[in-house]
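None of the figures in this text is laboratory data; all of them are computed from the coordinates on show. Just so it is clear, the structure is predicted and the values come from calculations on it, not from any experiment. Please note: Cβ atoms are built from the backbone with ideal geometry, for glycine as well, and neighbour counts cover all protein chains shown.
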Number of protein chains: 2
Amino acid sequence: MAKGLLIVLSGPSGVGKGTVCSALRQRVPELIYSVSATTRVPRFGEEHGVNYFFKSREQFLNMIEQDQLLEYAQYVDNYYGTPRDFVEETLNSGRDIILEIEVQGALKVKEKFPDGVFVFLLPPSLDELKDRIQGRGTENQATIDHRLSVAVDEINLLEYYDYAVVNDQIDLACTRIESIIVAEHCKVRK
Amino acid sequence: MAKGLLIVLSGPSGVGKGTVCSALRQRVPELIYSVSATTRVPRFGEEHGVNYFFKSREQFLNMIEQDQLLEYAQYVDNYYGTPRDFVEETLNSGRDIILEIEVQGALKVKEKFPDGVFVFLLPPSLDELKDRIQGRGTENQATIDHRLSVAVDEINLLEYYDYAVVNDQIDLACTRIESIIVAEHCKVRK
């Protein structure tokens, strides 16, 4: 049986990765979603194994040591990572799996899965991205400026990706990603 | 302005290239269709510049000499070829153009346009292809056997193509080709 495809959806913070990924899962229910592991406490309504695999710090550090994570990162005081087993089992069963992940993490996944399909979600423009980052309304100007400068650095990593999808409208972005998945299944592997 | 894409649709004789290409043109009217040049006489209802550019033998040989054809071939007593100008003008204007062409001709086009998108149309199975070739009902057994063996040789050239699309249903084949076009427009050019 042919292996499934690993689709990695990434892009700068604020570009709408989460929204596009949720819409895509609605439209393509057979696409499996990679669930991250984290040490942070569950928020109201979050379920273990659905939103995240909730782990203790000790469990997480153990997963790192056993090379059970495709990538991981620390934000504030918590760890986040992608469990390797679930991805490999899904691919071996012939099903496609999608990872929604930060730009740096995606590049780490690429080292381990160079045959993955790496999709970079772009904002329609930098002004638009600025509006979206500001629109969250929870951060001061210095933080916003910092986040925007990080985003610009991340966009410069686009060259390491296979596809660039502009997130001008969620529906259009989903259609493009669905087309990429169909096309990749038609690709002649050499 | 970004250049258009050159889509080359090929595959063994009997696979249904013409039918799929016509259906695709109905579904994607903005896709430009490359019109071939030929020395054969027009059939009833065929229009110059629509079905073919009808040329005299002398005009055709002159086009060959002036390198005005991306590829050409002789079948029975007539020449058939792809005029280069029309393809280049369409691409430079930013529009996509599709060539529906025999397997050998497609490989010649690839020498001149390595960045083209080469799509190989496959029969669902060899038995199915045999049925389709026989189904025309106009040829004797030796001719049918010969055509089938040529088809098998052509399918072995699949590795030189970018995509393989199974023509199990015309609608599905069209959807796959449309997806390939959308995906190719999202590709990060390196």
Sites matching trypsin sites (Lys or Arg not before Pro) across segment A:88-181 that sit in DSSP coil, with at most 15 neighbouring C-beta atoms within 10 Å: A:Arg95, A:Arg136
Dipole of chain A [Lys/Arg +1, Asp/Glu -1 at C-beta], most positive-end residue of A:Ser34, A:Val182, A:Gln74: A:Val182
Computed label-point distance, nm, for sites A:Asp85 and A:Gln169 using a 7 Å Cα→Cβ extension: 4.4 nm
Loop-located GluC sites (Glu not before Pro) in segment A:99-166 whose Cβ has at most 16 other Cβ within 10 Å (DSSP): A:Glu139
Helix-only [θ]222 nm of the protein assembly as shown, DSSP H runs n ≥ 4, -39500 (n - 2.57) each, per residue, nearest 500: -13000 deg cm²/dmol
Sequence-distant residues sharing a close amide H with A:Tyr33 (under 5 Å, placed H): A:Ile98
Gain in span if fully extended, A:Ala23 to A:Glu46, counting 0.36 nm per residue against the direct Cα distance: 6.5 nm
Cross-link pairs beyond the 18 Å C-alpha cut-off, checked among B:Lys17/B:Lys112; B:Lys3/B:Lys190; B:Lys3/B:Lys112; A:Lys108/A:Lys187; B:Lys3/B:Lys55: B:Lys17/B:Lys112; A:Lys108/A:Lys187; B:Lys3/B:Lys55
Chain A: DSSP helices with Cα axial extent of at least 20 Å and average Kyte-Doolittle hydropathy no lower than 0.5: A:170-186
